[in-house]
Amino acid sequence: MQQKPKIAIGGFDGVHLAHQKLISISDEVLIIEKNSSLTPYKDRCDYINKPCHFYLLDEIKNLTYLEFIYKIKKEFNPSAVVVGYDFRFGKNREGDIEKLKKFFEVIIVEEMKIENTGVHSKIIRKFIKQAQISKATKFLNHTYKIKGVQIDGQGIGKKKLLPTINLQLTNNYLIPKEGVYLTLTNKIPSITFIGIRSTDNNFAIETHLLDRFDKSKTYEIEFIDFLRENRKFDSLDKL
């Protein structure tokens, strides 16, 4: 007889330190996708080593809290549900933990804090937009990364400077503050530029691999630290 699973339910955008606590208690994870930007859609599965299921918010947002509960019972029949202390569900967020307890055993994970600051996705987004990469990494408990495919650039770097990979993002990632970053690109040490190129006034994400060139179909850029603000150089030689 198959054992009933403990199901962790939530948005899990970022799969940050507090999310990891919920996941560690569960057998399976039910992710409610609502236009996430730290770990869009199935990117979350990079950090979750358990079965992942997805509900798209647009498809369930009009369910009453009872309809949502019945859907969970029918599709998962869990032995328990694992949720954060502020979990709400159903149309107009009318469902709460007390309503959930009428139908399931509920395991509640209380708010986690680092240096008196709650671990929340909105806080991590703020850190990334302010280029506070080390703080974001601490709250995430992993590096922040974006993914993209190579597109044609101007070719200036390859001809006159150092070759760079120009990226087009493959999802709706939160883009860090404009500037120059120490990064890993496909696990290779790299320097990444984000911002408006002075050569053509177009926005770009460009990464230069330090150890070796890697020709791949897709690239993952992990942010390690912020190096400096962008600035315009008088010549290519000075750059």
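The values are calculated or read from the model by the stated rules, or taken from the named source; none is laboratory data. What you are looking at is a predicted structure, and each value in this text was computed from that prediction instead of being measured. Neighbour counts are summed over all protein chains in view; Cβ atoms, including those assigned to glycine, are modelled from backbone coordinates with ideal geometry. Side chains are part of the model used for accessible areas, which takes the heavy atoms of the whole protein and leaves out ligands, DNA and RNA. Shrake-Rupley method; radii C 1.70, N 1.55, O 1.52, S 1.80 Å.
Would you confirm whether any residue within segment 21-32 is under 12 Å from the mean Cα position of the chain (by Cα) and not acidic (Asp, Glu)? Within segment 21-32, not a single residue is under 12 Å from the mean Cα position of the chain (by Cα) and not acidic (Asp, Glu). Filtering Leu167, Leu174 for residues that are more than 16 Å from the chain's Cα centre (by Cα) and either farther than 30 Å from Ser24 by Cβ or at pLDDT 95 or above (or both) leaves a single hit, Leu167. Of all residues in segment 211-232, those that are over 19 Å from Val149 (Cα atoms) and among the hydrophobic types (A, V, I, L, M, F, W, C) total 3. Checked against (1) surrounded by fewer than 17 Cβ atoms within 10 Å (Cβ to Cβ); (2) touching a residue at least 60 places away in the same chain (Cβ under 8 Å); (3) closer than 17 Å to Gly11 by Cβ; (4) of a type in the set (Val, Ile, Thr), Ile108 meets all criteria but (2). If the condition is being more than 10 Å from Gly14 (Cβ to Cβ), open to solvent by 50 Å² or more (accessible area, probe 1.4 Å) and in contact with a helix residue (DSSP H, G or I) (Cβ under 6 Å, 6 or more places away or on another chain), then segment 122-141 contributes only Lys135. Scanning segment 1-32 for residues that are buried (at least 19 other Cβ atoms within 10 Å of the Cβ) and of a type in the set (Asp, Glu) gives a single hit, Asp13. Looking across segment 58-105 at every residue that is assigned to a loop (DSSP other than H, G, I, E, B) and under 30 Å from Lys138 (Cβ atoms), the one that is least open to solvent (accessible area, probe 1.4 Å) is identified as Phe87.
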